[in-house]
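The values are calculated or read from the model by the stated rules, or taken from the named source; none is laboratory data. The shown structure was predicted, so the numbers you read here are calculated from the model rather than taken from an experiment. Here the Cβ positions follow ideal geometry from the backbone for every residue, glycine too, while neighbour counts run over all protein chains shown. Each accessible area value is taken on the protein alone, full model and side chains, heavy atoms only, with ligands, DNA and RNA left out. Shrake-Rupley method; radii C 1.70, N 1.55, O 1.52, S 1.80 Å.
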Amino acid sequence: MAAIVRISSVCHRGVKPLFYRSSLLSRTLVAQQKDQDCRYPLTARIHGSSSLYAGSVSKAASLHWTGERVVSVLLLALGPAAYYFPGPAVDYSLAAALTLHGHWGIGQVLTDYVHGEPKIKMVNAGLFLLSTITFAGLCYFNYNDVGICKAVALLWSK
């Protein structure tokens, strides 16, 4: 049995991402039947995840995933901004981005490891409470003390 790589699947022009095209998810095989000499091309389909075909549920998950990536990149940009331009705007941006990033990250860990409807509800309520207290504490620290940027600078200076 020999596998044939289709060059046309690599050389398509268009705006679709390379690895999500259905042409890459199929492979053509040429097999010989035992009794006959002629070859029959067979096509085997490899299905991606069901989320590619789920519809509106996939759209919400995709937007959530995109939001997580935007917050992560924003945190990368806020690091140098906090160093070069410390101030209240950067302090409160850091408070919001760090809280949201932590909330989503811990939420994913809890989704993976907590099972059972009552446990999930209790853990989600606890996570929401923890995230709220964290954001309120960071905002209190920014308003009544030196702020996140100056606090990190003070830690590094000693």
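Could you rank the peptides 151-157, 79-85 by their average count of other C-beta atoms within 10 Å per residue, with the highest value first?
Per-residue mean Cβ counts within 10 Å order the peptides as 79-85, 151-157.
Going from most exposed to least, what order do T134, T111 have by accessible area with a 1.4 Å probe?
Descending order: T111, T134.
For segment 107-158, what is the accessible area per residue in Å², given a 1.4 Å probe and the full set of protein chains?
Accessible area per residue, segment 107-158: 80 Å².
With label points built 7 Å along Cα→Cβ from the Cα atoms of E117 and E68, find their separation and express it in nm.
The two pseudo-label positions are separated by 2.6 nm.
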